[in-house]
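To start, the structure itself, in structure tokens.
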Amino acid sequence: MTADLPADDLADDGPADDRAGRKRDRLARLLRVASILYSAGSGEQGVPVAEIARLTGMTTRTVYRDINALDEELAVPIFQAGRGRYGIERKYFLPPLHLSVPEAIVLFLAARLIARWSDEYDQAVVSAFTKLADLLPQPIARHVAATMLAVGEHSPNEPFTRTFATVARGWSEGRVVEIDYESSEGPRRSTRVRPYFLEPDAGLRTVYLIGFDETPGALRTFKIERIRSATLTTQRYEIPEEFDPDRFLAHSWGIWSSEGTPTEEVRLRFDASVARRVQEAVWHRSQRLVELPDGGVELTFTVAGIVEIRPWILSWGDGVEVLSPVSLRESVAASVAAAAELYQAVATRTGD
């Protein structure tokens, strides 16, 4: 949907109003327009653009621009009820949530983690921060604003934002999503998916969709960044009661499930220099830890395959040794040897 810009609105967009509009925080302005569209325009009649302009102190032309931005950039489900009248579908926003200060801070910390691992501008993260700031006392609210500025410095990824919004709505509303998917291996393909779950992967800084792929008739995982287009259909579905995401991902180190990848028992020996850091965290729900006489620790996991855990093992450098399986030990050894050869070659070229 694109809001029409009436010719008679052009006169409202004078230089003074333009300067005032540019000074407003764009995000806060969009949220204000969205709030009015939702509260006053969720019925069949919608709300007149002129009324939004009056309530916000903006020109009608700026309101039309903001409506277009909400629709095209944020994928907000805006409908046109008539000439110059718009609204937002009632199901789009959740009902008001009343949080205690500790509860709000927990959400703030969770959002901070999202922002920390976001490598691109995410409008949903920024708008969530803006709303969360209203619930928090100073000086915490100032940190919210600072976090928003940090996220805002990232380059925007509008395709990801649109795709994520579509998939999220499909999941929340129980509607099938048609996607065009480009996997890391194999040809690009189109399919219909019933979203069952969204799972973040902090290590890869991404989000995965777990859903029922209607083409093969089986559960599959899809990396959101690899979904080239996503369209929400009107077809409804129900998530089977037996589906349990925690059980599905029980042996996953990242996102790989044991339903599609055989499990491996991984045994690692960490030396005393890193043992304390290893002991301070629970790395996997299957882990078993044994303290060794020399101050080191032995850690055992049961995970789906060895591909996802391998980068984590390499991040410990010479502080860890792979005991088993043999295939993982050889793979890590080959990577370490290749790295040593690379650095030796660089040292030889530079004369170090």
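Coordinate-derived values only; no laboratory data. What you are looking at is a predicted structure, and each value in this text was computed from that prediction instead of being measured. FYI the Cβ positions are ideal-geometry reconstructions off the backbone, even for glycines, and counts take in every protein chain you see.
Working note: Karplus 6.51/-1.76/1.60 with θ = phi - 60° gives the stretch 284-296 the couplings 7, 5, 8, 5, 10, 10, 10, 7, 9, x, 7, x, x Hz, where Gly and Pro are set to x.
Kirkwood analysis of the Cα pair distances in the stretch 289-338 returns a hydrodynamic radius of 11.8 Å. Counting every alpha-carbon pair across the stretch 158-248, the share separated by more than 23 Å comes to 16%. In loop segments of the stretch 229-283 as defined by DSSP, the GluC sites (Glu not before Pro) with at most 10 further C-beta atoms inside 10 Å of their C-beta are GLU238, GLU241, GLU242, GLU280.
Note on the stretch 174-191 and the stretch 195-249: Cα centroid distance 11 Å, given to the nearest whole angstrom. Each of GLN344 and LEU314 was given a label point 7 Å from its Cα along the Cα-to-Cβ line. The distance between the two points is 1.8 nm.
Full extension of the chain segment joining PHE79 with ARG189 gains 36.5 nm, where the gain is 0.36 nm per residue of separation less the Cα-Cα distance.
For the stretch 263-346, the C-alpha radius of gyration divided by 2.2 N^0.38 Å, with N the number of residues, is 1.12.
Considering only SER229, PHE248, PRO200, the residue lying farthest towards the positive end of the dipole of the stretch 158-248 is SER229, judged by Cα position with unit charges set on Cβ. Rounded to the nearest angstrom and listed largest first, the equivalent-ellipsoid semi-axes of the stretch 225-319 from its Cα gyration tensor are 36, 15, 11.
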